[in-house]
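Readers should treat all values here as calculations from the given coordinates under stated rules, not as data from a laboratory. Quick caveat: nothing in here was measured; it's all calculated off a predicted structure. Here the Cβ positions follow ideal geometry from the backbone for every residue, glycine too, while neighbour counts run over all protein chains shown.
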Amino acid sequence: MLKKLIIILILVTAIALFALAHRPPKEFVLQTDVLNEASGIDFGIQNKQVLWSHNDSGNKAEIYALNTEGQLLSTLSLKGVQNRDWEDIAVAKDPLSDISYIYIADIGDNNAKYNSVYVYRLREPQLTGKDEILQSSEFKTIEINYEDGPRDAEAIFLEPETGDIYIISKREEQVGLYRIAYPFNFRDKNIARRIASLPLTWVTAADLSSNGKQLLVKTYTGIFKYKTKLDAQKNITLSKEAKTMPYLTEPQGEALCWDAKNKSYYTLSESARGITQTLYYYK
């Protein structure tokens, strides 16, 4: 009798764990039409429970603040710059000043023809209410050259201890992980040095947890979680094996970020004809 009870308990526990691991995400219908070509998303630091997002190539040089249920809170326009191909966004604190900055990655390059790509850094504004319209010309440009030539990319993240920017390329059979060392040169080119390859292709987004210990990497068909740490040269290193994370395939999913607690994550896709644009939250 005791053995049967133990077996039943094990089965019930296994079923519960399976259900937890495969629990569908929460879905929030996006309550705005300004993000039809959403290509990046990240959780705010200065503003709690705020997600910053943007569109990709040819759209307005604007970023948008959403609440965690997909409502538009604010629009922030960057004056004097164009959206050549904005592909990702990151929010991180400067390791010296402790100021929270937004990093907008103009790194898309479908034909690998641009000698330079750019990351725009601006101080994260403190939002005061709903439907704010803001403008900023107080941003700095980080011009980047890859050490091994132009390439397409859609994923960036920042390492919180060092302040370094990392870019993951998109199209190779094994994509490259590139490091742009902090402090950044705002007057000259910064070199992106390839420090590793990942056994992935068609990478569209990435986000490092705020404690620097877990990296999410997204492709069009899946999300993968790596354990991370710094080596003796302060380069980020990734675990050999990645854990496959829950993911509902989206029409063109190119946006991914951790939540504030580094335990759950959000995804957002470009809109598609006949499909409601949805913010997904995986707990």
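Note on the stretch 69-110: among residues that are among the β-branched types (Val, Ile, Thr) and assigned to a loop (DSSP other than H, G, I, E, B), the one that is surrounded by the fewest Cβ atoms within 10 Å (Cβ to Cβ) is 99. Give me the pairs: first residue in the stretch 132-152 and more than 18 Å from residue 188 (Cα to Cα), second residue among the acidic types (Asp, Glu), beta-carbon distance under 7 Å, and six or more apart or on different chains, which are they? That search, which allows pairs on different chains as well, returns 151/109; 152/109. In summary, strands (runs of 3 or more DSSP E) completely within the stretch 232-278 and bearing 1 or more residues that are under 17 Å from the mean Cα position of the chain (by Cα) and surrounded by 17 or more Cβ atoms within 10 Å (Cβ to Cβ) occur at 236-238, 253-258, 265-269.
For the stretch 204-213, which positions are in contact with a strand residue (DSSP E or B) (Cβ under 6 Å, 6 or more places away or on another chain) and polar (S, T, N, Q)? Across the stretch 204-213, the qualifying residues are 204, 209.
Among the residues of the stretch 57-66, the one identified as under 12 Å from residue 104 (Cβ atoms) and buried (at least 23 other Cβ atoms within 10 Å of the Cβ) is 63. Quickly run through the stretch 205-254 and pick out the residues that are more than 24 Å from residue 161 (Cα to Cα) and either among the small types (Gly, Ala, Ser) or in contact (Cβ under 8 Å) with a residue 60 or more places away in the chain (or both). Of everything in the stretch 205-254, those that are more than 24 Å from residue 161 (Cα to Cα) and either among the small types (Gly, Ala, Ser) or in contact (Cβ under 8 Å) with a residue 60 or more places away in the chain (or both) turn out to be 222, 246, 248, 253, 254.
Set side by side, the residues 109, 98, 94 differ, and just one is closer than 19 Å to residue 207 by Cβ and more than 15 Å from the chain's Cα centre (by Cα), which is 94.
Of all residues in the stretch 173-196, those that are among the acidic types (Asp, Glu) and out of contact with any strand residue (DSSP E or B) (no Cβ under 8 Å at 6 or more places or on another chain) total 1.
Tell me, which residue of the stretch 118-128 that is in contact (Cβ under 8 Å) with a residue 40 or more places away in the chain and not basic (Lys, Arg) is farthest from residue 212 (Cα to Cα)? Only one residue tops the list, namely 127. For the stretch 28-37, state whether one or more residues are in a strand (DSSP E or B) and either over 19 Å from residue 261 (Cα atoms) or free of Cβ contacts under 8 Å to residues at least 12 places away in the same chain (or both). Yes - at least one qualifying residue is present in the stretch 28-37.
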